[in-house]
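The values are calculated or read from the model by the stated rules, or taken from the named source; none is laboratory data. Every value quoted in this text rests on a predicted model; they were computed, and no experiment measured them. Cβ placement follows ideal geometry from the backbone for every residue including glycine, while neighbour counts extend to all protein chains displayed.
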């Protein structure tokens, strides 16, 4: 899919499904990578409460010593700014977003810092365009086009001052064996 300096529409996705050969498409090729990144870092989006973003919730989990990575499903079509039939994020519907922290904790002159980046990835399989809720149920149960994958990846920098208690929790988490 090549939309040359513009954003794909939901109609582009359906036409690609009907007429193309199923080659994967990236968020960048669709022109929506920045829109997805904004949803991940904006408070109150993707099912998070108003005072928290998906990104800040993940950072909080890291600081609590809970986890260094996650993988969950999210419904893009439920976001108010996405709810337009011509918006490709509405047409995509539900996606899987994963994140992994790559960094360290630093002690410097009596202060503590979490420094690194979160590597995010998004994946989806575009199939059954009449399945508007991404539940697997469609008005038409058979495929009448060629499904294709939609992927994207990006990083968000992390450089924040933390407490000594958070420093200890994250240090323990970073030093623990990965399951």
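Filtering segment 1-16 down to residues that are modelled with pLDDT of 80 or more and part of a loop (DSSP other than H, G, I, E, B), which residue is farthest from residue 151 (Cα to Cα)? In this case the residue turns out to be 9. Taken over segment 25-39, the criterion of being more than 17 Å from residue 90 (Cβ to Cβ) and surrounded by 15 or more Cβ atoms within 10 Å (Cβ to Cβ) is satisfied by 26, 29, 37.
Among residues of segment 47-75 being in contact (Cβ under 8 Å) with a residue 40 or more places away in the chain, in contact with a helix residue (DSSP H, G or I) (Cβ under 7 Å, 6 or more places away or on another chain) and surrounded by 18 or more Cβ atoms within 10 Å (Cβ to Cβ), the one that is nearest to residue 163 (Cα to Cα) is 63.
Scanning segment 90-120 for residues that are within 12 Å of the chain's Cα centre (by Cα) and either buried (at least 20 other Cβ atoms within 10 Å of the Cβ) or touching a residue at least 60 places away in the same chain (Cβ under 8 Å) (or both) yields a total of 5.
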